[in-house]
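A.B. asks: Below are the structure tokens for one structure; questions will follow.
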Amino acid sequence: MERLFGDDEAPASPRGGAPSAAPPPEQVPLATRMRPRTLAEFVGQARLLAPGSALRQAIEEGRPHSMILHGPPGSGKTTLARLVADASEAAFEEESAVQAGRAEVRGVIERARGRLASGGKPTVFFLDEIHRFNKAQQDALLPAVEDGLVTLIGATTENPYFEVISALISRAHVYELEQLRPEDIRILLDRALARGECGADVRVEPAALEFLAERSGGDARTALNGLELACEAAGAGATVTLAHAEDSLQRRALLYDRQGDRHYDTISAWIKATRGSDPDASLYYLAVMLEGGEDPRFIARRMIVLASEDVGNADPQALLIATAAAHAVEHVGMPECQFALAQAAVYLSLAPKSDAAKRAVLSAREYIREHGADAPPRHLRSSTRSDGEYDSPHGHPGHFSAQELMPDSAVGQRYYAPDAAEAALRERLAEIRRARGRE
């Protein structure tokens, strides 16, 4: 236990010991200066902070509880932790699991004990990147959390159910934060300009603001720091252009509207490139959609459709790959799910193609629309309405029965026609039809 958090010589945390000199305001990053100080200023996470929600009540009533905040970068995890501490008038201790050693964590706990002993002031311990602590390090936090010595707020971009020990999970409430929407980030950018944080005389082209909001990947910190860098590059009194914004993020602006023609044109191009068995083109259009902020769930749904519509039984594994990619999207989200989407795009591109299943069901439905649907033969109906003459194929060699399975009006109809990519199925179907006396 003595070496649980590293060497004794680890330097004391400046956040826990004597306060260090604060940098001049102009040296503090814009994202830090713009951090919301009240719940009313907080942007995004409407579901998590809905009226009556547990987290909102904890903040409004000043009654913090231990929690794990799980979400993508720049979604508000640190800000929420600070709001919880401020609302409860608790001391706020912050450490990163990437850098914290035994001395830092021990110092947090000792200071928390001292506060309770001297005046009863509680301590909120915010541990960023909590998943970076190993099991033994996480175990060491349990006594302080259990005894109420500290209110632990852990933050992680990883799934906490995989990365945080179950003992801590059971003592904390897990909150999942969502990636900020472009419109959320635009609110923060406009607020920074309205406050004059980038200079009283700064002017920013609407296209530059739109670019920063759309291309920051839902990360408010990235967007605000990009705005600050773009303003510095433009210089005092100059207009911040789209080129400045592009340079600040080191990304090119995309003409991609998730609700307009580009949205439909790009997914159409992806479908046709994948159907055309070109993995490079498929990956290109996939990248365009991801860079443009497309909802990965929308992409996954189109992959599932293509797996049946354009690959079908030429490679039944394609549907499993597509549905697995969709599951990955729901389970891990962006940015990690992009790899599952890329894997599926490549597999679907290189899979043999067949639209026989699609043609078959459309043909059957067209027949029903034109001729109506007759009742099944009596021997196929449920046991309470059957005439008892059903001839099970399991009682015959090869498990084939010659009994007719179509209604009288549809006898002889053929909807499914295996194509060249389904040669094995075509042979199997011919064998079945011969055995049943249908060929």
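The values are calculated or read from the model by the stated rules, or taken from the named source; none is laboratory data. All of these numbers come straight from a predicted model, not from anything done at the bench. So basically every Cβ, Gly included, is an ideal-geometry build from the backbone, and we count neighbours across all protein chains shown.
A.B. asks: Please work out which residue is modelled with the lowest pLDDT, limiting yourself to the range 246-267 and to residues that are over 23 Å from the mean Cα position of the chain (by Cα) and assigned to a helix (DSSP H, G or I).
C.D. replies: That would be ASP261.
A.B. asks: Follow-up. Please specify each residue of the range 123-154 satisfying the condition of being under 11 Å from GLU93 (Cα atoms) and either over 31 Å from the mean Cα position of the chain (by Cα) or among the β-branched types (Val, Ile, Thr) (or both).
C.D. replies: Of everything in the range 123-154, those that are under 11 Å from GLU93 (Cα atoms) and either over 31 Å from the mean Cα position of the chain (by Cα) or among the β-branched types (Val, Ile, Thr) (or both) turn out to be THR123, VAL124, VAL150, THR151, ILE153.
A.B. asks: For the range 40-52, which positions are more than 18 Å from ASP190 (Cβ to Cβ) and surrounded by 15 or more Cβ atoms within 10 Å (Cβ to Cβ)?
C.D. replies: Across the range 40-52, the qualifying residues are GLN45, LEU48, LEU49.
A.B. asks: Taking ALA318, is it farther than 25 Å from ALA417 by Cβ and outside the structural domain of GLY218 (by TED's automatic domain parsing)? Can you show your working first?
C.D. replies: Details: farther than 25 Å from ALA417 by Cβ: no; outside the structural domain of GLY218 (by TED's automatic domain parsing): yes.
No, not satisfied.
Here is a yes/no grid of residues against (1) part of a helix (DSSP H, G or I); (2) surrounded by 15 or more Cβ atoms within 10 Å (Cβ to Cβ):
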position	(1), (2)
ALA144	yes, yes
GLY148	no, no
PHE162	yes, no
GLU178	no, yes
LEU189	yes, yes
LEU209	yes, yes
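A.B. asks: Pick from the range 191-207 the residues that are surrounded by fewer than 20 Cβ atoms within 10 Å (Cβ to Cβ) and part of a loop (DSSP other than H, G, I, E, B): which of them is modelled with the highest pLDDT?
C.D. replies: Taking the range 191-207 as the starting set, the residues that turn out to be surrounded by fewer than 20 Cβ atoms within 10 Å (Cβ to Cβ) are 191, 193-197, 199-201, 203, 205-207.
Okay, now just the ones that are also part of a loop (DSSP other than H, G, I, E, B), so 195-197, 199-201, 205.
Details: ARG195: 88, GLY196: 87, GLU197: 85, GLY199: 80, ALA200: 74, ASP201: 81, GLU205: 92.
Once the filter is applied, the top-ranked residue is GLU205.
A.B. asks: Further question on the same structure: SER386 fails exactly one of the following numbered conditions: (1) under 25 Å from GLU309 (Cβ atoms); (2) at pLDDT below 85. What is the number of that condition?
C.D. replies: Of (1) under 25 Å from GLU309 (Cβ atoms); (2) at pLDDT below 85, only one is false for SER386: (1).
A.B. asks: Among the numbered conditions (1) under 30 Å from LEU177 (Cα atoms); (2) touching a residue at least 12 places away in the same chain (Cβ under 8 Å), tell me where PHE339 comes up short.
C.D. replies: The number of the failed condition is (2).
Conditions tested, residue by residue: (1) more than 46 Å from the chain's Cα centre (by Cα); (2) in a helix (DSSP H, G or I).
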{"residue": "ASP391", "(1), (2)": "yes, no"}
{"residue": "SER401", "(1), (2)": "yes, no"}
{"residue": "LEU405", "(1), (2)": "yes, no"}
{"residue": "GLY412", "(1), (2)": "yes, no"}
{"residue": "TYR416", "(1), (2)": "no, no"}
{"residue": "ALA421", "(1), (2)": "no, yes"}
{"residue": "ARG426", "(1), (2)": "no, yes"}
{"residue": "GLU439", "(1), (2)": "yes, no"}
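A.B. asks: Looking at ALA325, ALA402, ALA356, can you tell me which residue is in contact with a Gly (Cβ under 9 Å, 6 or more places away or on another chain), free of Cβ contacts under 8 Å to residues at least 40 places away in the same chain and surrounded by 11 or more Cβ atoms within 10 Å (Cβ to Cβ)? Full working, then the answer.
C.D. replies: Working: ALA325 fails: in contact with a Gly (Cβ under 9 Å, 6 or more places away or on another chain); ALA356 fails: free of Cβ contacts under 8 Å to residues at least 40 places away in the same chain.
Within the list ALA325, ALA402, ALA356, the selection yields ALA402.
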